[in-house]
1. Of the residues 223, 204, only one is of a type in the set (Ser, Thr, Tyr) and surrounded by fewer than 16 Cβ atoms within 10 Å (Cβ to Cβ); which?
2. For segment 273-340, which helices (runs of 4 or more DSSP H) that fit wholly inside it have 2 or more residues that are touching a Lys or Arg at 6+ places or on another chain (Cβ under 9 Å)?
3. Every residue in segment 93-103 that is open to solvent by 50 Å² or more (accessible area, probe 1.4 Å), under 25 Å from residue 122 (Cβ atoms) and not charged (D, E, K, R), please.
4. Quick test of your reading of the structure: residue 188 fulfils all but one of (1) open to solvent by less than 50 Å² (accessible area, probe 1.4 Å); (2) modelled with pLDDT of 95 or more; (3) hydroxyl-bearing (Ser, Thr, Tyr); (4) closer than 27 Å to residue 133 by Cβ. Name the failing condition by number.
5. Mind listing whichever residues of segment 31-45 are among the acidic types (Asp, Glu) and either surrounded by 18 or more Cβ atoms within 10 Å (Cβ to Cβ) or part of a loop (DSSP other than H, G, I, E, B) (or both)?
6. Go through (1) under 21 Å from residue 3 (Cα atoms); (2) over 18 Å from the mean Cα position of the chain (by Cα); (3) in a loop (DSSP other than H, G, I, E, B) one by one and return the number of the condition residue 100 breaks.
7. Considering only residues of segment 46-88 that are outside any strand (DSSP E or B) and among the polar types (S, T, N, Q), which is surrounded by the fewest Cβ atoms within 10 Å (Cβ to Cβ)?
8. If you check residue 218 against the conditions, is it of a type outside the set (Val, Ile, Thr), more than 30 Å from residue 320 (Cα to Cα) and open to solvent by 40 Å² or more (accessible area, probe 1.4 Å)?
Amino acid sequence: MIPISVCIITKNEADKIDKCLSCIKELPFEIVVVDTGSTDNTLEVVQKYTDRIYHFEWCDDFSKARNFSISKASYDWILVLDTDEYLQKIDLEELYRQMEEHSGGIGRILRSSEDPGGEITLDRVERLFNRNLYHYERPIHEQVLPTGPDVKYSIYPVPIEVLHDGYISTETISREKAERNLRILLKSEHEYPDTYTYFQIGQSYYSMEEFENARKYYEKALSFDLAPEAEYVQLLVVNYGYVLLRMKKAQEALAFYEQIAPHFSFYADFVFLYGYLYYNTEQYLKAALQFIQATQLSHYHVEGSNSFKPFFLLGIIYQMLGDPALARTFYEKCGNYAPALESLREMDSQA
């Protein structure tokens, strides 16, 4: 069995860290917690689970805090969790097998996140690694990167699933978090003038509904050569499309999507939005083709992008085209999706 240290940084999150640590307390892992200045009872809660508690003076740099926590671990293998992430599933036997097979790589855990509107997003994040080979860089939206040029960077999935509730918060907290992130990002913009930084700045502006600024930074990010297989690039091209939609620029977004469609045809969120752009420009048959394609794809981030969302819009399209039987078929494929159930009720009331 390979010994693992779970490293967590926290501040003023007593309720969340209690839930986080309770989910891993029975596992054969060391727990290391670094506090960056809590004024509530966070530390009292942590003491129920571990005595490996350390203090770090906050300096607007998440990587420095992460690397400090890693330095305090007893073991070289590190699993990083956030305070608002709660373990749902783990297969220890398979985990150890993967670690032995990929001893020089970074393990990616599966994270599901729910936003205030109830939309669920799935993503894989790099969290398991040997600290002799990898560390954190960048002050915010920190990345796990090699410690030196001789380390061959590689990633692999590990059988760990967590639930993330960091996006479920009050409007005030969400705004404060976005403003904090933006402040740190803008300070580091000149140090890291690349696609990832500009994407994250755009994300902050998007979450604050400052769409013109979001567009500006998304377009800066898009000006570089892009790797479609990178998850943040996939999110970039999709969120750029949604920003243009929010700015009433569906035709402009559609022209952009038509140029890059061959490179992202494997990605359900992209294909769904491609169809939605056709839908918004009243090109319904073209939209229907994209929606059907989206339902045949397995790679997605937002739950429903390859199922109930395109099925629902197919139902609307065929209802508009005068084919209620086919429309009903698509609505029924949506399962418990509330808008589809409402459409079925309306169809039944008019029958």
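1. 223
2. The qualifying helices (runs of 4 or more DSSP H) are 284-294, 308-320.
3. 102
4. All conditions pass for residue 188, except number (2).
5. Passing the criteria: 35, 40.
6. Checking residue 100 against (1) under 21 Å from residue 3 (Cα atoms); (2) over 18 Å from the mean Cα position of the chain (by Cα); (3) in a loop (DSSP other than H, G, I, E, B), the one that fails is (3).
7. Within segment 46-88, the match that is surrounded by the fewest Cβ atoms within 10 Å (Cβ to Cβ) is 74.
8. Spelling it out, it is not the case that residue 218 is of a type outside the set (Val, Ile, Thr), more than 30 Å from residue 320 (Cα to Cα) and open to solvent by 40 Å² or more (accessible area, probe 1.4 Å).
The values are calculated or read from the model by the stated rules, or taken from the named source; none is laboratory data. Values in this document were obtained by computation on a predicted structure and should not be read as measured data. Positions of Cβ are generated from backbone atoms using ideal geometry, with glycine treated the same way; all protein chains shown enter the neighbour counts. Each accessible area value is taken on the protein alone, full model and side chains, heavy atoms only, with ligands, DNA and RNA left out. Shrake-Rupley method; radii C 1.70, N 1.55, O 1.52, S 1.80 Å.
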